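Peer 1: Okay, here's the structure, questions in a sec.
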Amino acid sequence: MNGSLQEPALRLDLESVPLEVLWNAPIGIALVDRGLQLVRFNRALAGLHGPRARLYPGIRLADVLPPGEATQDILWRMEQVLATGQPFSRIELEWGRVSCHPLHEGTRVVGLCLYLEEVPEPGLAREALQVSEERLRMSLASASIGTWDFNPATGEFLCDARALELFGAPPGFRMDCDTFHSIIHPEDRERTQQVIQRTVSPESGGSYDIEYRVIGIQNGVERWLSAQGRAWFDEHGGLVRFSGTVVDITQRKRTEASARFLSEASRLLAERLDRAEEILERVARLSASSICTYCIIGVTRPDGRLPRVAGAHREPSQEHFVREALRFVPRAPGTSPLLEGVHTGRSALIREFTQDVRQRYAVSPEHLALMNTLDAHSVMTVPMRAGGKVHGMMILAACAHQRRFDEEDLALAEELAHRVGMALENLRLYEEARQAVGLRDEFLSVASHELKTPLTSLKLQHALIGKSLTPECRASVGTRLPKAVSQVERLTSLVDSLLDVSRIGAGRLGLEPVEMELTQLLREVMERLSEVFAQAGCGVDFPDTPTVHGYWDPSRLDQVLVNLLSNAAKYGAGKPIHVRVKVVDGRALLSVEDEGIGIAPGDVPRLFSRFGRAVSERHYGGLGLGLFISKQIVEAMDGRIRVESQPARGSTFTVELPLRARG
Ligand code: ADP
């Protein structure tokens, strides 16, 4: 002892714990004597549902517990505890669980302590189970979920009514594994079987989630199903149960597929396909690979005939039958109901393409034989309309496993036909425009050549007149002759522009590059245009610049300089013009800057195209060809031309040329 004061340790004296504490426990507790009569019991025991009599000390357990074998058994077990002193615990009875411990006095067992836990009243439990099963059934039904359960031990394959319906089987049908495999769509069969095989091996985790198509057992209807399943294994990894659910996702799949198909078709139609045949071939192939088994397309001429046809079949091995069938597509109106849509503009859904219908559609016995070989069971004929015209017909057929067409398929086919019709209409307009442009270019070329001859002779006449004038006559003619000469020159330059345009169109803008010096050429051109600058009231600012030698076509470059400088005077009248030349990185840079009307940013891109103008013809004359020709010339010399401009502030045109252009 170290002498310090210590409080005595608190010890739980079991003797002093009032028995009532145990009596408040939430499970039933009872003390019985060796005669199995109740000695004491707690409140929870009195509240149990199991006992069949009111409890009081002294009552025999046999009179308390419900009669029956289970009670006999439990009483016998209690006798055993009294005899051996070995307790038992949690024996299940219908109404509860019982545990039993011996009470000793010395070595003798003088009684028993019983613990009784109540489980829900059996009737109530069954009812609760039924209610929850019913709820589950109702929610499965409202979600249209089918359930199935496969017992490998017995081979029993139980399907509820909805699952049978989804598998296209009649009510009460006895499903088996072979039938189930046979109804999976051939294209999905291998994939689905692989998933199932994987699922029933214990290392897989035992669950799967897969989408596949089935072909109805009874009705042949194709359906998309989403299936989820779970396999259960015993401790040796043996399959003991395999069950799951199936949901119909056909509509979702159809909507997805339709959207995918239309976007694919639009993408295809948006590609620049110059030949209608190519469009038709590709559309037929796309259709046959997704919305039908085979597809035939015919394009009409203004007289209603179908001179051009295309076709495709999903199965390459059947493709030649479709090609063969193309020969029989009636080409003249009024020869077959197949062409009715060309006249009426209406589509037709032939849900059942029966023998009778085939006979009506066939144009000859050979045609009928071919139809029977192709053996479509459902057909749609859809006119391709656009721009108020019918451009042709599409025939879409479903064979073999493909389901019969319905209104939704018809709507999709109509949408496709409309888009194809639009593409054909665009192609027609494009061809028309191309022809018109061709005619225009031809006209320009002929007209400019035709104009060139009288102009040349007019120039000659002017020269002769000038030479033969006596001094008196010259005085009386005054400035008229020089004015006439200058107008003819202007006319000649306009006609030259037109000639250049037709040369460019025909790819005949020849260049003749030579070694030359740019600043010298620039000075000459400015000199020639001095009259133009004076009339426009423009001073030209061109500082002393070192010479720039290069390998270019001088007369074509002259043309570019004239164009840029005369434009600067025309659109920048009354303001100075700044001309600069420099060499940067082996390239000559020539800029012509004015302080004139400038160009709106939106107009810039088209100024360099044929006839591209950004000013009204009332205020400014011109053909809109100068910049187009200049660009062609500069690019032919591997150079670039660009403009920077601000409206009302002025424009700067810059020509960039490699010092040595391609010859
Ligand atoms: P044209 O001048 O004969 O119409 P161009 O091809 O030379 O033909 O020019 C095309 C158009 O570019 C002109 O109509 C005009 O709208 C615009 N443009 C050309 N140069 C200038 C300039 N320096 N300032 C403003 N606009 C110009």
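The values are calculated or read from the model by the stated rules, or taken from the named source; none is laboratory data. All figures in this text were calculated on a predicted structure; none of them were measured in a lab. Cβ atoms come from the backbone with ideal geometry, glycine included; neighbour counts cover every protein chain shown.
Peer 1: Considering each residue of segment 374-407, count those that are among the basic types (Lys, Arg) and touching a His at 6+ places or on another chain (Cβ under 8 Å), and give that number.
Peer 2: At the first step, the residues of segment 374-407 found to be among the basic types (Lys, Arg) are 385, 389, 403-404.
Within this subset, residues satisfying the condition of being touching a His at 6+ places or on another chain (Cβ under 8 Å) are 385, 404.
Result for segment 374-407: 2.
Peer 1: For segment 256-295, what are the residues that are under 16 Å from the mean Cα position of the chain (by Cα), over 28 Å from residue 222 (Cα atoms) and not small (Gly, Ala, Ser)?
Peer 2: 267, 268, 269, listed by residue number.
Peer 1: Can you pull out every residue in segment 56-73 that is part of a loop (DSSP other than H, G, I, E, B) and on the phi < 0 side of the Ramachandran plot? Break it down into steps so the answer makes sense when it comes.
Peer 2: Taking segment 56-73 and keeping what is part of a loop (DSSP other than H, G, I, E, B), we get 56-59, 65-68.
56, 57, 59, 65, 66, 67 - these are the residues of segment 56-73 that are part of a loop (DSSP other than H, G, I, E, B) and on the phi < 0 side of the Ramachandran plot.
Peer 1: Moving on to the next point. Taking residue 540 and the conditions (1) surrounded by fewer than 15 Cβ atoms within 10 Å (Cβ to Cβ); (2) more than 9 Å from the ligand (Cβ to nearest atom); (3) of a type outside the set (S, T, N, Q), which numbered condition does it fall short on, given that it satisfies the others?
Peer 2: Only one criterion is unmet by residue 540, namely (1).
Peer 1: For residue 616, only one of the following conditions fails: (1) of a type in the set (Gly, Ala, Ser); (2) surrounded by 15 or more Cβ atoms within 10 Å (Cβ to Cβ); (3) farther than 19 Å from residue 516 by Cβ. What is its number?
Peer 2: The single condition residue 616 does not satisfy is (2).
Peer 1: Moving on. Across segment 176-206, what is the number of residues that are in contact with a helix residue (DSSP H, G or I) (Cβ under 8 Å, 6 or more places away or on another chain), under 28 Å from residue 235 (Cα atoms) and in contact (Cβ under 8 Å) with a residue 12 or more places away in the chain?
Peer 2: Within segment 176-206, residues that are in contact with a helix residue (DSSP H, G or I) (Cβ under 8 Å, 6 or more places away or on another chain), under 28 Å from residue 235 (Cα atoms) and in contact (Cβ under 8 Å) with a residue 12 or more places away in the chain number 3.
Peer 1: Could you please let me know if residue 243 is polar (S, T, N, Q), modelled with pLDDT of 90 or more, out of contact with any Cys (no Cβ under 6 Å at 6 or more places or on another chain) and outside the structural domain of residue 409 (by TED's automatic domain parsing)?
Peer 2: Numbers: polar (S, T, N, Q): yes; modelled with pLDDT of 90 or more: no; out of contact with any Cys (no Cβ under 6 Å at 6 or more places or on another chain): yes; outside the structural domain of residue 409 (by TED's automatic domain parsing): yes.
So residue 243 does not fit the description; no.
Peer 1: Another question, then. How many residues are over 45 Å from the mean Cα position of the chain (by Cα) and either at positive phi or touching a residue at least 40 places away in the same chain (Cβ under 8 Å) (or both) when one looks only at segment 613-636? Lay out the reasoning, then the answer.
Peer 2: Narrowing segment 613-636 to residues over 45 Å from the mean Cα position of the chain (by Cα): 616-623, 626.
With either at positive phi or touching a residue at least 40 places away in the same chain (Cβ under 8 Å) (or both) added as a condition, the list becomes 620, 622-623, 626.
Of the residues in that region, 4 qualify.
Peer 1: Strands (runs of 3 or more DSSP E) wholly in segment 548-663 with at least 3 residues that are within 9 Å of the ligand (Cβ to nearest atom) and touching an Asp or Glu at 6+ places or on another chain (Cβ under 7 Å) - which ones? Steps first, please.
Peer 2: On the way: elements: 549-552, 577-584, 587-593, 640-646, 650-658.
The qualifying strands (runs of 3 or more DSSP E) are 650-658.
Peer 1: Sort through 485, 525, 532 and tell me the only one that's touching a helix residue (DSSP H, G or I) at 6+ places or on another chain (Cβ under 6 Å), at pLDDT 90 or above and not assigned by TED's automatic domain parsing to the domain that holds residue 596. First the steps, then the outcome.
Peer 2: Values: 525 fails: not assigned by TED's automatic domain parsing to the domain that holds residue 596; 532 fails: not assigned by TED's automatic domain parsing to the domain that holds residue 596.
Just one listed residue meets the conditions, 485.
Peer 1: If you scan segment 451-494, which residues turn out to be among the charged types (D, E, K, R) and within 60 Å of the chain's Cα centre (by Cα)?
Peer 2: At the first step, the residues of segment 451-494 found to be among the charged types (D, E, K, R) are 452, 459, 467, 472, 474, 480, 483, 489-490.
Listed by number, the residues that qualify are 452, 490.
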